[in-house]
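The values are calculated or read from the model by the stated rules, or taken from the named source; none is laboratory data. Bear in mind that the values here come from a model prediction, so they are computed numbers and not experimental data. Backbone-built Cβ (ideal geometry, glycine too); neighbour counts: all protein chains shown. These accessible areas exclude ligands, DNA and RNA; they are computed on the full protein's heavy atoms, side chains included. Shrake-Rupley method; radii C 1.70, N 1.55, O 1.52, S 1.80 Å.
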Amino acid sequence: MASRLATRLLLRRSTAVVSSLQSYRHARHFSTQLLEVVGVPRFSKPTRGRYLLPNASPYQIWSRSFASENGDLVEAVVPHMGESVTDGTLANFLKKPGDRVAADEVIAQIETDKVTIDVSSPEAGVIEKFTASEGDTVTPGTIIATISKSAAPSEAHVAPSEETSQKETPPPPPEKPKVEQKPPKVESTKTQASKLASPSEPQLPPKERERRVSMPRLRKRIANRLKDSQNTFALLTTFNEVDMTNLMKLRSDYKDEFVKKHGVKLGLMSCFVKAAVSALQNQPVVNAVIDGDDIIYRDYIDISVAVGTSKGLVVPVIRDTEGMNFADIEKGINSLAKKATEGALSIDEMAGGTFTISNGGVYGSLISTPIINPPQSAILGMHSIVQRPVVVNGDILARPMMYLALTYDHRLIDGREAVLFLRRIKDVVEDPRRLLLDI
């Protein structure tokens, strides 16, 4: 008898809690687990949504979607962006109100300082309205759209101006009365000379021929990091040139067998990564970094590879390259480059890195001075391969040549170490057999 009375009291208390919380917009649909907490059996048909835990605020736990009072509406929210990312900019909507969407279909994109994050529809249905605008700053959990699970898709949208033009055609404007034209006034030679002699303001293009757009967050991040690098580091660049004859012959001789065995093409980048690993092992200070009054020497080599995309430059990282062979490096580069092009790189795939390689040669760059990618201390710039006359054993021959550039932090790295580092890369690329013999 006493147990039944206690159960009824707990049931009344839980019912009062549910009734009071239903008045809040964000607490629309609760799980039957609430009644299980107070000792009431689970309903035969469980519901989907948020779970209310004892002594927990309704805002402490949020899920991907929320159901409305009638169970028909769900809301798409901004997902978790990563440990180091707290907010982003709503870049664009990929759908419009009235469009039908499938479950997990992408409806919007969020730009952060590092990556672009997709916002997906939690359920299949029709977009009823957007609750945020493009350009808004949003945080994880922000509601950006309301989706109806039962509504039919709306008819094709017609802009108000188009609809009006289809319904009626405005009458032609009345003819203007003709005005008698007077012959142009002829100025004297003295007046014309005075006008030519007087200074006048320069004729600037009209403002109507200019466009002002907001800078994307990724471009802001790139701009800030590059300027910080320029302001912090004592940047100095040293150059050298490398004869690509032997490496290109090695690639030509074994490219078919390499693809057959490893399933990936043999490129030039893998050899430069291996050469950089060898040079970093010979000159470990290039792999180090200044941290306050200390120098951090890193006993691992993570190579960052600069990849240009339509949205800006991204620098994914190949981890532990000192233990990789040519095939492993090529597979890693291809995978990261594909993700970068598709905008699918994660924050973890771009974090860290001890040394960067940038290949401007793919765009035709002959020579450049790359900027260090903080918190690293050096960056290697590759450039285009050009046939140039060089002296080989006293003879002038046409050889495929490439300029190399090493920009380094002169606060930490002296000129001697920088030149020896670049010289080691030159030696390995010109004679890849050195990697086999470790000489």
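Here are the numbers for this structure:
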{"quantity": "Output for the stretch 89-100, where each listed residue is open to solvent by less than 40 Å² (accessible area, probe 1.4 Å) and of a type in the set (S, T, N, Q)", "calculated": "Thr89"}
{"quantity": "Filtered residues of the stretch 101-145 (kept if open to solvent by 10 Å² or more (accessible area, probe 1.4 Å), in contact (Cβ under 8 Å) with a residue 60 or more places away in the chain, under 14 Å from Val77 (Cβ atoms) and of a type outside the set (Val, Ile, Thr))", "calculated": "Pro140, Gly141"}
{"quantity": "Of all residues making up the stretch 386-437, the number that are open to solvent by 20 Å² or more (accessible area, probe 1.4 Å), polar (S, T, N, Q) and touching a residue at least 40 places away in the same chain (Cβ under 8 Å)", "calculated": "0"}
{"quantity": "Residues of the stretch 104-122 satisfying the condition of being in contact with a strand residue (DSSP E or B) (Cβ under 7 Å, 6 or more places away or on another chain) and charged (D, E, K, R)", "calculated": "Asp104, Glu105, Glu111, Asp118"}
{"quantity": "The one condition in (1) touching a residue at least 40 places away in the same chain (Cβ under 8 Å); (2) part of a loop (DSSP other than H, G, I, E, B); (3) closer than 24 Å to Ala279 by Cβ that Leu366 fails to fulfil", "calculated": "(1)"}
{"quantity": "Criterion (assigned to a helix (DSSP H, G or I), under 14 Å from Asn240 (Cα atoms) and either modelled with pLDDT under 95 or not charged (D, E, K, R) (or both)) met by exactly one of Leu406, Leu420, Leu436", "calculated": "Leu420"}
{"quantity": "Filtered residues of the stretch 261-288 (kept if touching a Pro at 6+ places or on another chain (Cβ under 9 Å) and either free of Cβ contacts under 8 Å to residues at least 40 places away in the same chain or open to solvent by less than 20 Å² (accessible area, probe 1.4 Å) (or both))", "calculated": "Cys271, Ala275"}
{"quantity": "Strands (runs of 3 or more DSSP E) wholly inside the stretch 291-351 that include at least 2 residues being free of Cβ contacts under 8 Å to residues at least 24 places away in the same chain", "calculated": "294-296"}
{"quantity": "Per-region count, the stretch 74-120, residues part of a strand (DSSP E or B) and not hydroxyl-bearing (Ser, Thr, Tyr)", "calculated": "20"}
